[in-house]
1. Taking region 2-125 as the region of interest, what is the percent of Cα-Cα pairs per 10 angstrom bin, listed from the shortest bin to the one with the maximum distance?
2. Which order do peptides 78-87, 33-42 fall in by mean Cβ count within 10 Å, highest first?
3. Counting only Cα atoms, I'd like the Rg/Rh figure for region 44-98, Kirkwood definition for Rh.
């Protein structure tokens, strides 16, 4: 149960920050610099959010420094993120999955996929203080 709770909280923190940054990106940054640049500018900010959220979760919720448990937290969060992305975000943008995948920039989309992997393994990577 601890893993599910930690994964859900980790997801909520990162998704909330990503939703807020995505709104700012879409409304103000994309019209100025374009989609690819805007998404790539957002990536380092989200990396910081992921590192801070993962560190806070494993410390605050006392996730043991056992690789399988920490990786499980990240995988639960990743699963929730993918469900949210493929339901709420697609509904909000009124896109099908095929349209969404076709609309992704090849460079920024690849970086996004790498970031999903980083998001999933970050609870394993953060050191306990």
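1. Answer for region 2-125: a P(r) of 13, 43, 31, 12, 1 percent.
2. Details: 78-87: 14.7, 33-42: 16.7.
Descending mean neighbour count gives 33-42, 78-87.
3. Over the Cα atoms of region 44-98, Rg/Rh equals 1.10.
Bear in mind these aren't lab numbers, they're just calculated from the coordinates by the rules spelled out. All values reported here derive from a predicted model rather than from experimental measurement. Heads up, the Cβs are rebuilt from the backbone with ideal geometry, glycines too, and the neighbour counts pull from every protein chain shown.
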